[in-house]
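**Q** Sharing a structure below in structure tokens format, with a few things to ask.
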Amino acid sequence: MTRRRRPLLSLASIAVFATVFLVPFLFIALTAAKTRAEANRLDFSWPTSFALWDNLVAVVSARNGMLLTAYLNSTIITVASVALLVVFGSMVGYVRQRRKSRWNGLVDFLVLAGLMMPPAVVPTIWLLQQIGLFATLPGMVFIQVAYNVSFCVVLTRAFVATVPRELDEAAIIDGAKPLDLFFRVILPLMKQVTVTNIVVQSVAIFNDFVNPLYYLPGNANVTVQLTLYNFQSQYTTQYNLLFTNILLVTIPPLVVFLFFNRQIVAGMTAGAVKG
Amino acid sequence: MTATPPRLEHETPRRRSPYPLWFYAPVAVIYGTLFLFPALSSVWFSLTRWTLFEANFIGLDNFRAFFREPFLVQGLVNTVVFGFVTSGLKTVLGLLLAVLLTSGIAARDFLRSVVFFPVLVSTIGVGIAFTAMMHPTQGVINEGLAILGVKGPGWLTDPHIALLSVAAVDVWKGVGLATVIFIAGIVSIPKDYYEAARIDGARSLAQFTYVTLPLVRPATVTVVILSFISGLRTFDLVWAMTKGGPGFASDVVASVIYKQYQAGFYGLSTAGNVILFVLIAALALPLYAFLNRGEDRS
């Protein structure tokens, strides 16, 4: 809280932070740039010859370009489920905030359960098999919606509370039907929380490993995180390729982070301060 | 939907609410089918020997098996240990980092980003990278320790510390989230309190103990609960780093569920799931109530 700078403390903390938080990333990048023999020594050292391009080509072309399929699948899942989450989740957060009804208690309980409880895995697999959605991309999309919608409701509900009700009333007097009111008046005003929502959910869904592992088996449906996991057992003696893959998987969140740092932090700290 | 209950305000009995309940419908269908129904039916399936085609009721046998097999019990104990260790460390370190990063040190914003970034990185990627770095003889960590003249342990190969090593990586990856939550909490404390404390002669430590700590409480509750629950549910980091090994030394309930599923013991796997539900409800809810009760008193 003091305004004076403390150069010694600053220097010491920069040094410690750099070692603890940046060395692992540097290690990933350096190993990804090494040749196979050098990478397998697992040293933290500068590569004697740069093989990053060769490694990239090798990783991307491995198993008939499985990584490209994986990126495509992960993108489809992420985009589709985030789109559904934003629309459907905002609808719930909006009505829950605006309307007093006897369902409110139940809705709150289910939202809390969705935030806390792990999914029942095998019964879900059985159910997906029954309705023909097991190991399909649409099935995965709906699963992501079901598992992430609670957080979305919490975020949007808090935001709708800051949108004045007078706007609703004005629109209703002008003859707006419920759908018009929501999609043409309220949703456009929620742009800020929608961006937060999109960013936070995209990162979570893109990085998700457990759910594709259970619900999306098979090479045709592989996702980015699953390729990484498969390569782990395949490339036990090719650390250069394994780490090139890690590098590739780390880049999308890094890009998102550079552009949306503020929204991510806002979304993830939402509700923490209100108490 | 035509007859809206008349007790709602702003409404004449004839007019429909501008906030129709059918807005809940899409989420209700998806969540109800894919989350709620499996969760409820898991109670039944956990009482059966189950092949996915046929479920034979066997009473509590799955649960008995769970509490009788030493390696399954170990998974249970490990889960609780993992939850407490990671949640405790994330809370303490997160608070200290937040205090440091709201003080007047240089490169503050950059350091905040550095601490937070691992939160966004793929858990599997982090797990693989640290597994390589924790290699007992060649790993970067032990080579670094050797330079200092310390002989590092087999982080992931020694059954006594494998679980704690994974927990340490979990803290490394997750402490950034705790830190930004604490920063948001600290920033929202009015400056006047510090001013008043300073006038009363409070030094840094006293300011921290008597101003920051009590007033940052809502953030503390969030961090403790959030990290405790995610600790109890952890699967991917354990799976990427040790697969529950060596032996069963670092198995947690979530990895046991996966192993039993892979082995085709669907009923037993589902029983594990039910145990995880109960564990979270039994530990997290009282913790939440306890932390909030304290809040009312202060």
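**Q** Rounded to two decimal places and with Rh computed the Kirkwood way over Cα pairs, what is Rg over Rh for segment A:64-274?
**A** Ratio of gyration radius to Kirkwood radius for segment A:64-274: 1.03.
**Q** Report Rg(Cα)/(2.2 N^0.38 Å) for segment B:212-298, keeping two decimals.
**A** Relative to the 2.2 N^0.38 Å estimate, segment B:212-298 comes out at 1.39.
**Q** On to the next question. Report, in debye and to the nearest 20, how large the dipole of chain A comes out about its Cα centre when Lys and Arg carry +1 and Asp and Glu carry -1 on their Cβ.
**A** It works out to roughly 840 debye.
**Q** Which of the peptides B:157-168, B:235-246 is most tightly packed, and how do the rest follow, going by the mean number of other Cβ atoms within 10 Å of each residue?
**A** B:235-246, B:157-168
**Q** Once you have all Cα-Cα distances for the protein assembly as shown, histogram them in 10 Å bins from zero and send the whole-percent values.
**A** Over the protein assembly as shown, the share of Cα pairs per 10 Å bin runs 3, 15, 25, 27, 18, 9, 2, 0, 0 percent.
**Q** State, in angstrom, two size descriptors of segment A:1-137 derived from its alpha carbons: Rg to one decimal place and Dmax to the nearest whole number.
**A** Looking at segment A:1-137, its Cα Rg and Dmax stand at 24.9, 69 Å.
**Q** Right, another one. Report the calculated FRET efficiency for A:Leu258 and B:Phe57 (r = Cβ-Cβ distance, R0 = 41 Å), to the nearest 0.05.
**A** 0.15
**Q** Count, for each residue of A:204-211, the Cβ atoms from other chains sitting within 10 Å of its Cβ, then give me the mean as a whole number.
**A** 4
**Q** To continue, here is another question. Determine the sum of side-chain charges near A:Gly114: Lys and Arg each +1, Asp and Glu each -1, restricted to other residues whose C-beta is under 15 angstrom from that of A:Gly114.
**A** +2
**Q** Okay, next question. Say the dipole of the protein assembly as shown comes from +1 at the beta carbon of Lys and Arg and -1 at that of Asp and Glu; which of B:Val175, B:Ala197, A:Phe44 then lies farthest toward its positive end?
**A** Working it through, the farthest residue towards the positive pole turns out to be B:Ala197.
**Q** Follow-up question, since we're still on this one. What order do you get for B:266-273, B:201-208 when each peptide is scored by the mean count of other beta carbon atoms within 10 Å, highest first?
**A** Final packing ranking: B:266-273, B:201-208.
**Q** Once you sort the root eigenvalues of the Cα gyration tensor of chain B as a ≥ b ≥ c, which label holds: rounded (a/c under 1.5), prolate (a/b larger than b/c) or oblate (the other case)?
**A** oblate
**Q** Taking R0 as 56 Å, what's the FRET efficiency between B:Glu143 and B:Trp22 from their Cβ-Cβ distance, rounded to 0.05?
**A** The computed FRET efficiency comes out at 0.35.
**Q** Still on this structure, I have one more. Using alpha carbons only, what's the Rg to Rh ratio of segment B:81-196 with Rh from Kirkwood?
**A** Using only Cα positions, Rg/Rh for segment B:81-196 is 1.07.
**Q** Spin-label point model (7 Å from Cα, Cβ direction): what's the A:Ser45 to A:Leu8 distance in nm?
**A** Placing both labels 7 Å beyond Cα along the Cβ direction yields 3.7 nm.
All of the numbers you see were taken from the coordinates with simple rules; none came from a lab. Keep in mind that what you see is a predicted model, and the values were worked out from it rather than measured. Please note: Cβ atoms are built from the backbone with ideal geometry, for glycine as well, and neighbour counts cover all protein chains shown.
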